[in-house]
Amino acid sequence: MNELEKIGTLLVNDKLVDPDTLQKAVEAQRQSGGKLGEILIKMGALSAHKFYEALAKQLGVPFCDLRNVTPDPEVLKLLSVADARRLRAIPVAIRGDILDVAVENPSDLGILEAIRTKTGLKVSPMLAIPEDIDDAIQRLYELPSNVERAAFRLTRLRNLQQRVRTDETAPSPSSPRPLRLEDEPIINVVDNMIKEAARRGASDIHIEPFSDKSKIRFRIDGVLEQAGAPPRTLHDAIVTRLKVLGGMDIAEKRLPQDGRFSTSIDGRPYDLRVSTLPTIFGEKVVIRLLEQSTDYTSLEALGLSSGVLQRFKKVLSLPYGMIVVAGPTGSGKSTTLAAALREINAPGKNIVTVEDPVEYVIPGVNHTQVNIKSGLSFATVVRHVLRQDPDIIMIGEIRDVETAEIAFRAALTGHLVLTTIHANDALSVLMRFEEMGVNKYMALSSIVALFSQRLVRTLCPWCKKSWSPPDEVLDEILRAAGVSREEARVRMYSAKACPTCFHKGYRGRTAISEIIVVDEEFRRRFMASEDPKADPFLNPAKRHQGLLADGARKVLEGITTWEEVQRVFSGDESY
């Protein structure tokens, strides 16, 4: 089988293209020449990213998405910009005496030998999209590549300005004007920070002032990571620039502020939410990055286990009632609700959301933004929504008893209501409503499903290694999953490191979840129970259908690690 047939077979087997489309592309190639991948991409059959991922798999090398990679500047110095252009290569990382390098053609031994000679290191090739190599050369070599580079230039300019001012004589009409600090350098600092965060898949950027330095951290897959340390003297300028972008008051430094703005990064639109908070050393800023992509997440893509997914879809098909999604901040509740709305969205339904803020814009859905300053609270907006003949109402979060009671009445009077609440697990939702002061008879009568979830990081597919745990660890995982050694199909892996995952061992996240379908039997048992948490019928955790059990099963399936599951539940006394 030749190379063309191999990659074609792989694309079909991985369901990236159908056989008919592949045949059309092959015919086009025979008639006009060209590369099969380029033809398929031009046909719109698949994206360049998907094709080159498949090609890397066929070649037996890792795929390197250069859009999301920012190598250390010292690593980049191993190849000059001229060599990078000539060899079509980007140095990515060093592991001992091995250089990971993204290249256009990993099979070209001449190129690999030239890189080895230039660097004096063993070469481990990775496949990159040719256009991304061109962009990376410009971004990494020819333009400022990170916050520190732009910050260094700004600091140098300020030092020069200070030196000029120190040397100045008394001003006179004939004296030269002092050197003025331009806006462009600080613009570069902020722009590069945001671009780097987006390319690394960060959900939040933290800019924190301390007595002697500033710190920039990115939250990636739920974990904060150090990303930069610009000089402390630049902190106020960075904050001011972000306030200008977010439409905030640059003179107000004593009170917290919120703002927002939009931008495009590598051709992808982003919505950024900016929040400032006064601290003893200055204003702390947190930026939430929301990619406004048309590549929407489906329920299947959330990673729900088959049983949970089946039951969740069943309750979503009900004409009325309330579905509550629970979990702590950052557990993916909004993403799950958005996926649920896309599942049930149809031309014959009037869907209205009440959110603060609106995070996902779904075509065909009416999104409403809460505005407390203008008197538009959740409760006020929901009252008005009920006059708009809705079929489905999504309430971003229930925070008070007034909103809860309006939502429950809506669920009882023929509307399907989806909402979220902060609770540790599905069963705790009912206790949480009771703590708010909601009548538990009303809550039980309205709710049709209680859903809870957490997010765990998934192992990097390029560098994960098979792992056989010690017997005591395996027994602990099996107990949590509720399966025996005979029942379990163990395919466990450990986290390693590679450039694709920025040497973290993990790339992306998946949901671990549980669901309670609230039927008449559940309502009766709950009302009669003195301790619902101890009742196996009421509590999924007691019959190994809870969050921890789902996480343990994903460990046994090789999706994540036991350390990651334990990290997510650390400090949670429910488990």
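The values are calculated or read from the model by the stated rules, or taken from the named source; none is laboratory data. Because the structure is predicted, anything quoted here is derived from the model rather than measured. For neighbour counting, all protein chains shown are included, and Cβ atoms are generated from backbone atoms with ideal geometry for every residue, glycine included. Accessible surface is based on the protein model in full, side chains and every heavy atom, while ligands, DNA and RNA are left aside. Shrake-Rupley method; radii C 1.70, N 1.55, O 1.52, S 1.80 Å.
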Decide, for the chain, between rounded, prolate and oblate: order the square roots of the alpha carbon gyration tensor eigenvalues as a ≥ b ≥ c, take rounded if a/c falls under 1.5, and otherwise choose prolate if a/b is larger than b/c, else oblate.
oblate
Checked the stretch 230-269 against the a/c 1.5 cut and the a/b vs b/c comparison, axes a ≥ b ≥ c from its Cα gyration tensor; verdict oblate
Apportionment of accessible area to carbon and sulfur, the stretch 299-374, percent (1.4 Å):
55 percent
Taking all protein chains together and a probe of 1.4 Å, list 441, 506 from the most accessible to the least accessible.
441, 506
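Please compute the volume of the convex hull spanned by the alpha-carbon atoms of the stretch 75-147 and report it per residue in Å³.
Values: hull volume 5.9 nm³, N = 73.
Here the figure is 80 Å³ per residue.
Could you work out how much longer the chain between residue 43 and residue 387 gets when fully extended? Use 0.36 nm per residue separation minus the Cα distance between them, nm to one decimal. Don't skip to the answer; put the middle values down first.
Numbers: separation 344, 0.36 × 344 = 123.84 nm, distance 4.70 nm.
Between residue 43 and residue 387, full extension yields an extra 119.1 nm.
For a Förster distance of 60 Å, can you work out the FRET efficiency between the beta-carbons of residue 313 and residue 98, rounded to the nearest 0.05? Could you put the intermediate results ahead of the total?
Numbers: r = 47 Å, r/R0 = 0.78.
Using R0 = 60 Å, I get an efficiency of 0.80.
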Lys/Arg +1, Asp/Glu -1 at C-beta; the chain dipole; positive extreme among 556, 459, 248:
248
Keeping all protein chains in position, work out how much accessible area residue 57 exposes to a 1.4 Å probe, and write it in Å² to the nearest 10.
120 Å²
In terms of the Cα gyration tensor, with a ≥ b ≥ c the square roots of its eigenvalues, is the stretch 7-104 rounded because a/c is under 1.5, prolate because a/b exceeds b/c, or oblate?
prolate
Relative to a virtual label point 7 Å from the Cα of residue 376 in the Cα→beta-carbon direction, which members of the stretch 333-355 show backbone nitrogen distances below 15 Å?
352-355
Which one, 121, 13, 414, projects farthest toward the positive side of the charge dipole computed for the chain from Cβ point charges (K/R +1, D/E -1)?
121
Accessible area per residue, Å², the stretch 243-375 with all protein chains present, probe 1.4 Å:
50 Å²
Quick check: at a probe of 1.4 Å, how many percent of the accessible area of the stretch 433-575 sits on carbon and sulfur atoms?
46 percent
Within the chain, helix-based [θ] at 222 nm, where runs of 4 or more DSSP H residues each add -39,500 (n - 2.57), nearest 500
-11500 deg cm²/dmol
Any idea how far apart residue 523 and residue 23 come out in nm if each label point goes 7 Å out from Cα toward Cβ?
5.7 nm
How much accessible surface does residue 462 have with a 1.4 Å probe, in Å² rounded to 10?
90 Å²
Send over the semi-axes of the stretch 349-430's equivalent ellipsoid, whole angstrom and largest first, taken as the square roots of 5 times the C-alpha gyration tensor eigenvalues.
19, 15, 14
Say each of residue 258 and residue 431 gets a label point 7 Å from the Cα, pointing the same way as Cα to Cβ; how far apart are those two points in nm?
2.9 nm
Looking at the chain, what % of its DSSP beta bridges pair antiparallel, to the nearest 5?
65 percent
Taking a probe of 1.4 angstrom, what is the accessible area of residue 275 in Å², to the nearest 10?
50 Å²
Label-point gap, in nm, between residue 224 and residue 570 - each point 7 angstrom along Cα→Cβ:
1.4 nm
